[in-house]
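First up is the structure itself, then whatever we jot down about it.
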Ligand SMILES: [Zn+2]
């Protein structure tokens, strides 16, 4: 399943951070999920709780922030959030936009002990 492989690499990254900082365990993992990333937050949480058992994250809390789609418009040079899945600039209605956020999953911060 998609979410499982994401969680595996997420846990790897967290353990990397913990090891590099000589931490004993990971307490909180902050991630950001783009609404257009194709990742289901609930499934991701379930997968995280399943796979964290054998890792330094076993008592870690997963904090998820949902990121709306952010675009930069080259016509009016403004950045805005898309409220609908409609790829035009909400300000000037141009279609010369570039997605700058909301399509990926990011590991934002790891709190360690
Ligand atoms: Zn615009």
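What follows draws every value from the coordinates through simple rules; no lab data is involved. No experiment lies behind these values; they were computed from the predicted model shown. Heads up, the Cβs are rebuilt from the backbone with ideal geometry, glycines too, and the neighbour counts pull from every protein chain shown.
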Per-bin percent of Cα-Cα distances, the stretch 57-100 [10 Å]: 29, 38, 13, 13, 7
Relative pair counts by distance (%), Cα atoms of the stretch 2-112, 5 Å bins: 2, 12, 20, 18, 12, 11, 9, 8, 5, 2, 0
Helix axis angle, 2-20 relative to the chain longest principal axis, alpha carbon, degrees: 60 degrees
Centre separation in Å (Cα based) which lies between the stretch 1-33 and the stretch 85-109: 26 Å
Residue 22/residue 81 FRET efficiency (R0 35 Å; Cβ-Cβ; nearest 0.05): 0.35
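How high is the relative contact order of the chain, in percent, counting Cα pairs under 8 Å that sit 6 or more residues apart? Please list the in-between numbers first.
Working: 214 pairs, mean separation 39.9, N = 113.
Reported relative contact order: 35 percent.
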Using alpha-carbon coordinates, inclination of helix 41-51 to the longest axis of the chain, degrees: 20 degrees
